[in-house]
Amino acid sequence: MTVRIGAIGDLHYGRESRDVLKPVLQAVEDARLDVLLLLGEVRAALREGGIVVLDGDSCEVKGVGFAGVKGFCGGFGRGALGPWGEEVVKRFVHEAVQEALKLESALARLRTPSRIVLLHYAPVVGTVMGEPPEIYPYLGSSRLEEPLSRLGVTAIFHGHAHKGAAEGRTTAGAPVYNVSLPLMMRLFPERPLRILDVEAANGTCESPVAVRP
C-alpha cells in the first residue's frame, strides 16, 4: 500500500496572514493526501483539534511510523558546541543531547518498515545552507543526526531555516527535507508543500501528526 504524505512547517499564522495559507490549503486539497505533517505549531490548539503532537513520542498512521521531537541548536560537525566552560554552556549542550535521546527512544518504539521523523531544528548542515553562516549554530544540531543514521529512517522533515536549502541528506543517505513555509513559498509558490509517497503496511492511527515547536 502506498501512503501519500504532505509536510509543511513554520506557518506562523497571525492577524495579517489571512491569505498566506490559501496556496498551502489548495495544494493539500489537490494532492489528496493520506497524512499531513505540520512542523512548528502550538501544541494546545493542535491537540484541541484532535491532532497527535509528537514530543519525544511515536505514532503509526496507515502503516507508516512517525517519530518527532523539537530538536535543538548547537551547530554541526566540528563546529558543534561542546559541554565545556561555564555551567550555562553545559546546560545548553545538555538540551541538545536530551532531544537526541528523546528522538532515539521514539524511533526505537517503532516497528514499521517505513519510518518518518519530524523535527523543528535541522539535523544536518545541508538544509541550512543559504542562511548566513554565522547563524548555522542556531538552526540545528548534528547531535540529532546520530540516532537517525544509527537506527535508520525513511525520511526526515524539519523547518526553522527559512532561507536554507530544500533538501539534504544524512551521512547514512536518508533524505532530509526543509519544509519551512517561507522557503517553500519562495521555491514552489504554486504548490508550497513537500509530498512524499511511501510504502506501508496496515496502520493503526488515523490522526494528523505534528511536532512540538
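Relative protection proxy for 72-78, 170-176, 84-90, from highest mean packing down: 72-78, 170-176, 84-90 (other beta-carbon atoms within 10 angstrom). The helix-based estimate of mean residue ellipticity at 222 nm for the chain, built from -39,500 (n - 2.57) per DSSP H run of four or more residues and divided by its residue count, is -7500 deg cm²/dmol to the nearest 500. Within the set (i) 124; (ii) 156; (iii) 112, the number that volume of the Cα convex hull per residue in Å³ takes when calculated for this structure is listed as (i). For the chain, modelled as a GNM with alpha-carbon contacts under 10 angstrom, which of Val117, Val128, Val198 fluctuates the most? Between Val117, Val128, Val198, it is Val198 that shows the largest mean-square fluctuation. Karplus-derived 3J(HN,Hα) values for the stretch 130-136, using 6.51 cos²θ - 1.76 cosθ + 1.60 with θ = phi - 60°, are x, 7, x, x, 5, 9, 3 Hz; glycine and proline are entered as x.
Distance between the 7 Å Cα→Cβ label points at Asp197 and Glu86: 5.4 nm.
Straight-line reach from Lys70: taking Cα to Cα under 17 Å and skipping same-chain neighbours fewer than 8 places apart, the aspartates and glutamates in range are Asp10, Glu41, Asp55, Asp57, Glu95, Glu99, Glu104, Glu145, Glu146.
In debye to the nearest 20, how big a dipole does the chain give about its Cα centre with +1 on each Lys and Arg Cβ and -1 on each Asp and Glu Cβ?
Rounded to the nearest 20 debye, it is 120 debye.
Within 10 Å, Cβ to Cβ, of Ile5, how many net charges do the neighbouring residues add up to if Lys/Arg are +1 and Asp/Glu are -1?
+1
With a cut-off of 10 Å between beta carbons, the residues surrounding Gly74 carry a summed charge of -1, where Lys and Arg count +1 and Asp and Glu -1.
Quick note: the coordinates plus some simple rules give every number you see, no bench work behind them. As the structure is a prediction and not an experimental result, all values here were calculated from the model. All Cβ positions, glycine included, derive from the backbone under ideal geometry; neighbour counts span all protein chains shown.
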